[in-house]
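Since every read-out is calculated from the coordinates, none of them should be taken as a lab result. Note that the structure is predicted; figures quoted are calculated from it, not measured. Neighbour counts run over all protein chains shown; Cβ positions are idealised from the backbone, glycine included.
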Amino acid sequence: MNYLKRTHLLLIAALFISSGCTVDSSDIKTSGMDATITVSSTGSNSTSVNVSLISGSDDVKLIDGDVLVSTRDGVRKTLSKLSSGSYETTFSSDTSAAYTIELQRPNDPNASSSVNFPAPFSITAPTKNHLFASGTNVVVQWTPAMSSVLDYAYTTSCTDTAGGSVQKSDTISVVGINGGYTIASANLLPTGIDPNITCVCNVNLIHQVLGTISPELKSGSAIAASQTRNISFLINP
């Protein structure tokens, strides 16, 4: 598993796993807080900033003037509590920009982290629900071409020979500068499937970049930004 893929999965997991226990931020030093910060967009002309704060196995509840603030192009927004230990705000743009996310504290050092949000892109082919014939190549194209590596994360859902459901999921690193990726349709399919029933493949193309995390936070904290685009199509086995 490549580093970007591994980091992406860890960041997503950290945002949604809660210990169920909370600790007040006033009882924790900045250096004792483990932060996972993501800046993300799915192409809806908006960008979400999410921060997960934990200390040990406990979620951190910000109190006594401790706040999280995100800044983009001079626009400053305070993050709101989303769930236990998780905070979020949204900007009404998905264009490339520098983001700063700062934990501001009146009684302990502040912690400022930053990341350069990547430019948006579009999937130009195939069209939604396009049917790929058995034995053909699946070609996914995007624009603009980019110099970065993309994650091609797919899940294919099929019917097995017993009439049940079966899936195959994987993530492939692809070169963004090519503007497209070609793979044999058979390589996207799970084994043991009914050859007479069409499969559905869902692909997320993810352009992720890593940012600079504040040294004031606990070691292991991380920040990343990602643009994700999705396409679903059909495959005849």
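What is the number of the single condition among (1) within 20 Å of the chain's Cα centre (by Cα); (2) closer than 30 Å to residue 29 by Cα; (3) of a type in the set (Ser, Thr, Tyr) that residue 112 does not meet?
In the conditions (1) within 20 Å of the chain's Cα centre (by Cα); (2) closer than 30 Å to residue 29 by Cα; (3) of a type in the set (Ser, Thr, Tyr), residue 112 misses (1) alone.
Please determine, by comparing only the residues of region 65-97 that are acidic (Asp, Glu) and over 25 Å from residue 109 (Cβ atoms), which one is surrounded by the most Cβ atoms within 10 Å (Cβ to Cβ).
Residues of region 65-97 acidic (Asp, Glu): 66, 73, 88, 94.
Cutting the leftovers down to over 25 Å from residue 109 (Cβ atoms) gives us 73, 94.
Values: 73: 10, 94: 20.
That would be 94.
Taking into account only those residues within region 185-225 that are part of a helix (DSSP H, G or I) and of a type in the set (S, T, N, Q), which is nearest to residue 142 (Cα to Cα)?
First, pick out the residues of region 185-225 that are part of a helix (DSSP H, G or I): 185-188.
When the remaining residues are screened for being of a type in the set (S, T, N, Q), the result is 185, 187.
Working: 185: 18, 187: 21 Å.
It comes out as 185.
Identify, from the list 182, 156, the residue that is among the hydroxyl-bearing types (Ser, Thr, Tyr), surrounded by 12 or more Cβ atoms within 10 Å (Cβ to Cβ), touching a residue at least 40 places away in the same chain (Cβ under 8 Å) and assigned to a strand (DSSP E or B).
156 is the lone residue from the list that is among the hydroxyl-bearing types (Ser, Thr, Tyr), surrounded by 12 or more Cβ atoms within 10 Å (Cβ to Cβ), touching a residue at least 40 places away in the same chain (Cβ under 8 Å) and assigned to a strand (DSSP E or B).
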